[in-house]
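Take a look at the structure set out below.
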Amino acid sequence: MINPNNDTPDHKIHGEKYFKSSIADRYPETLRWLAFIYVILSVLGIALLASPQKKDELTVLVDKNRDDECPSLREGIKTKRFWHLFIMALMSITPGLYIVNVYKTFGKSRISNDEFLTIVGSVSSVFNGSFRYIWGWVMDKYSFKKAYSVLILVQTAFIMTLYYVASIEALYLIWVCVIVCCEGGHFSLYPTVIARMYGKQ
């Protein structure tokens, strides 16, 4: 929508390259379109919400698990395992979030194809969402420790080698997709292990 002709930034200001005004001026309109799309998706999502049909069974399940529940958020934060999980999450989620935010800026320094970099962002977003199910399945089949260890090893290897493959378009696409896939995995593994450790309520 913003750069349909795949133009390259050719205006230099203070050593930085920028797109011409005919491209840059499309940015506000695109934000309005995105806002409209998000409103439509939100309305559809809200319309699809429903209460559980078998409320009695759900109540029994929650009551049965209440003995294992953490009594309060304040009590949970005081435990050593909370801080252990918190530091693990902080250290392992941050690199992936960083790549999600700078893949295009970093890619522009090596690849002068704006359309391709936009495709990298779109495809990697699909990997982020769709692989969450796979990470959840791996954790169910094995354990949090094994799934998390694989996730961290893969993420570390791909982040450490991203610099060396950044000038090759196909490899750059694969590397960013794998890194973002690992990023999404955190949001499958952590809620599950927290529910197991502190209870579902």
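The values are calculated or read from the model by the stated rules, or taken from the named source; none is laboratory data. The structure displayed is predicted, hence computed values, not measured ones. Reconstructed Cβ throughout: ideal geometry from the backbone, glycine too, with neighbour counts over all protein chains shown. All accessible areas refer to the heavy atoms of the entire protein, side chains included, with ligands and DNA or RNA removed. Shrake-Rupley method; radii C 1.70, N 1.55, O 1.52, S 1.80 Å.
Output the 0 to 90 degree angle, nearest 10, between the alpha-carbon long axis of helix 27-47 and the longest principal axis computed from the alpha carbons of the chain.
20
In angstroms, what radius of gyration and Dmax does the stretch 90-143 have, counting Cα atoms only?
Every Cα atom of the stretch 90-143 included, Rg and Dmax give 14.3, 43 Å.
From the P(r) of the stretch 118-167, could you give the percentage of C-alpha pairs in the tail past 13 Å? Write down the numbers at each step before the final one.
On the way: 830 of 1225 pairs.
Cα-Cα pairs in the stretch 118-167 separated by more than 13 Å: 68 percent.
Taking 25 °C and 0.890 mPa s as the conditions, I'd like the Stokes-Einstein D for the chain in µm²/s, using the Kirkwood hydrodynamic radius from alpha carbon pairs.
The Stokes-Einstein estimate is 121 µm²/s.
Could you tell me how many degrees, from 0 to 90 and to the nearest 10, lie between the Cα long axis of helix 80-108 and the main elongation axis, the longest principal axis, of the Cα atoms of the chain?
Rounded to the nearest ten degrees, it is 20.
Provide the gained length on full extension for the span residue 119 to residue 101, in nm with one decimal, where the gain is 0.36 nm per separating residue minus the Cα-Cα distance.
Extra length available between residue 119 and residue 101 comes to 5.0 nm.
Once fully extended, how much extra length lies between residue 49 and residue 34, figured as 0.36 nm per residue of separation less the alpha-carbon to alpha-carbon distance?
Gain in length upon complete extension: 3.1 nm.
Counting only protein chains, not ligands or nucleic acids, how are 180, 154 ordered by accessible area (probe 1.4 Å), most first?
154, 180
Let me check something: with ligands and nucleic acids excluded, how do 186, 11 order by accessible area (1.4 Å probe), largest to smallest?
11, 186
Calculated FRET efficiency, residue 196 and residue 137, Cβ-Cβ r, R0 25 Å, to nearest 0.05?
E(calc), rounded to 0.05, equals 0.95.
Binning every alpha carbon pair distance of the stretch 127-201 at 5 Å from zero, what are the percents per bin?
Taking every Cα pair in the stretch 127-201, the percentages come to 3, 17, 24, 21, 15, 10, 6, 3, 1, 0.
As I understand it, the value is the acute angle between the Cα axis of helix 144-165 and the longest principal axis of the Cα atoms of the chain; what does it come to in degrees, rounded to 10?
Roughly 10 degrees between the two axes.
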